[in-house]
Each structure stands twice: as C-alpha cells, then as structure tokens.
Amino acid sequence: MTHTKTTFLCAAVLAGLVSTAHAQQTQLTPARDRITDEAIHADLSGYEHTQGRIQALNDGGRPVRDYHLSKAQCWLDVSFHEYSRNDRSAFPQEALTEAEKLIVGMEQGVSPLPTDTPLVNGAARVREDLWKRLGAIHGTPGFTCAQQAVACGEVELVHAGNEFNQQQWRHAKPYIQIAEDWVSDAEALSRQCGATPAAPVGLPADTVLTANVLFEFDRSGRADIRAYSLQSLDRELARVREEGLTLAGIELVGHADRLQGRGHDYNQALSERRAQTVRALLVERGIDAAKVSYSFKGDGEQVQQCAGVTPQAALRECLIPNRRVEVRLHVAR
C-alpha cells in the first residue's frame with residue numbers, strides 16, 4: 001500500500017492565507033460543542049491562520065526542508081487530519097499546540113529551538129527501532145538534507161502511537177507504514193547529502209540500508225510474508241541501484257514474537273526458518289548467495305510490546321513487527 005506523505009490540509013483551507021504572527025494559542029472548539037457550522041468554521045479559521053504563519057516564515061527565508069518548520073507543518077497536518085476524522089480526544093488540540101510552540105519560537109528568533117518530540121495525548125511510544133533510526137541521523141552531516149523527513153517521521157510515530165491507544169494496532173498500522181517511509185527517505189537523503197556526479201562523497205564503511213520482512217503468526221514460508229513488507233524490501237534494493245551503490249553484503253536476522261506457547265526453543269527455530277526463507281527469496285532476486293548471511297534471535301528482541309492488548313487475535317496482529325527478518329544491506333559508494 002502506498003501512502004502520500006503530503007499535507008492533509010485541503011485546498012480550500014490553504015487558499016488565500018494571510019499571516020499576522022503573534023504568540024497566542026489557537027483553541028479548538030471543545031469536542032462536545034463541535035456540532036454547529038459556526039463552531040467548525042471557527043476551528044477551520046484557526047487552522048488557516050496557523051498555516052498562514054508557517055507560510056510567512058517560509059516567505060521570510062526559512063526553507064521548507066528546515067527541521068523546525070517541517071515539524072510545525074507535520075504537527076499541524078496530523079492535528080487537522082484527526083480533527084477532520086472527528087477525533088474527539090485531546091490529540092487535535094495538543095498536536096496543534098506543538099505546531100504553534102515551534103512557530104512562536106521561529107517567529108521570535110529563539111535559538112536553539114527544541115528537538116524533542118512529545119508524546120501528546122499520552123500517545124504510546126511505538127516502534128522503538130524506528131525512533132532509534134531517526135535519532136541516529138540527528139547531529140550527522142547528512143541531517144542537513146534529511147531534516148524534513150526526520151521531523152515528519154517523528155511526528156508520524158506519535159500519530160501512530162495515539163491511534164494505537166485509541167483503537168489498537170490495526171488502526172495504527174497505516175501511520176506506522178507512513179513513518180517507515182519517512183525513515184527510509186531520511187536515511188536515503190542523509191546518505192546522498194552533498195553527493196554530486198562530479199564529486200561523489202564516500203560512504204562510511206558501516207552504512208546500512210534496513211528493511212523488515214514480516215510474517216504471519218507462527219508461520220515462516222514464502223506465502224506467509226506480508227506483501228507490504230516485501231515491497232519495503234524491494235524499495236531498498238532499488239535504492240542500491242538508483243544511488244549507484246555497491247552491495248558489499250546482506251545480513252539477515254530472524255525474529256519471533258513473545259508468544260511462547262511452544263517454548264523458547266520453538267521460537268528460536270521459527271526465527272531461523274524465517275531467515276532462511278528471506279535468504280532464498282533474495283537469491284531468487286539475483287543476489288549472490290555468497291553475500292547473504294543470516295542469524296536468528298528467537299523472541300529476544302521485541303520492538304513492539306503490545307501490553308494490555310486483547311483479545312488474542314488483536315494481540316497477534318499488534319505483535320507483527322516482532323515477527324520479522326531484519327534485512328541489513330551493507331553498502332558503499
């Protein structure tokens with residue numbers, strides 16, 4: 001499934017914006033009162049005004065790719081997205097407030113601006129592995145080119161965590177996929193930063209492209225792979241060709257979820273079979289078998305805990321990020 005990572009604000013809201021920059025907070029109509037055309041119009045005017053302040057900052061010289069401008073825009077986008085979906089929780093207001101905090105700081109020339117990403121509305125911190133991958137880009141030379149993707153990836157993970165709290169994993173999953181796309185884009189932009197055909201920039205020896213191939217519960221065969229995760233793998237393999245990278249080797253690490261009904265040894269073997277399946281799949285895609293190695297860790301490294309999720313079918317679906325084979329493409333330019 002392909003998700004468009006563009007602003008959710010509709011054209012009518014974006015049209016004809018004029019900014020009057022000031023620091024007061026926009027207050028959305030309380031959910032219980034959001035039942036009249038007048039109330040909704042007032043809220044849309046608030047979103048419109050906030051979008052105008054972002055536009056004014058851009059017009060004043062702050063580039064769209066700037067981390068803080070991008071983050072303000074993405075907070076605004078997820079706020080409006082959930083408002084338009086009739087989210088009655090505090091999430092639309094709190095996300096909008098985060099956007100405005102950054103806007104005020106930029107308008108007032110505050111430096112340095114914060115880089116933390118609050119878990120608004122008590123959002124769950126989902127997919128720690130994606131948080132770590134985004135965090136690893138901060139402070140690197142490549143961050144200059146990856147700022148927008150990093151900022152929006154962080155916000156989308158909070159969005160997913162909010163959906164997880166409200167309606168569990170099935171509703172969070174589309175936003176996790178969007179976050180995964182942002183993470184992959186951020187890593188690609190970071191790698192390419194400053195590279196030109198005339199003056200290629202060498203990559204560090206440990207540069208790694210990462211994809212996760214996901215499996216159905218207690219399954220390890222080719223037909224048991226979730227199709228969208230296979231698309232993620234193919235996208236990373238395509239990046240190797242498109243960026244003119246040399247594939248030095250591929251490391252596979254098999255995993256299982258924490259449901260140990262058949263015991264630790266069973267999950268160890270299950271994670272190994274999954275790694276073997278992905279290895280065979282890569283060889284069929286033209287990868288030299290000698291470049292592919294694998295290991296397996298059973299249920300020892302969980303990236304999604306799913307505490308308190310019920311019933312059992314929902315828990316199994318929530319735990320799918322743990323039923324994975326990590327595909328680590330070691331590359332060089």
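Please treat every number below as a calculation from the coordinates, not as lab data. None of the values given here were measured: they were computed from a predicted structure. Note: ideal-geometry Cβ built from the backbone for every residue, glycine included; neighbour counts use all protein chains shown.
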Residue 146 being surrounded by 19 or more Cβ atoms within 10 Å (Cβ to Cβ), more than 22 Å from residue 211 (Cβ to Cβ) and among the aliphatic types (A, V, I, L, M): no
Pairs, first without any contact (Cβ under 8 Å) to a residue 24 or more places away in the chain in the stretch 139-165, second in a helix (DSSP H, G or I) and among the hydrophobic types (A, V, I, L, M, F, W, C), C-beta under 8 Å, six or more apart: 163/172
Residue in the stretch 129-139 that is closer than 29 Å to residue 315 by Cα, of a type in the set (A, V, I, L, M, F, W, C) and surrounded by fewer than 20 Cβ atoms within 10 Å (Cβ to Cβ) present: yes
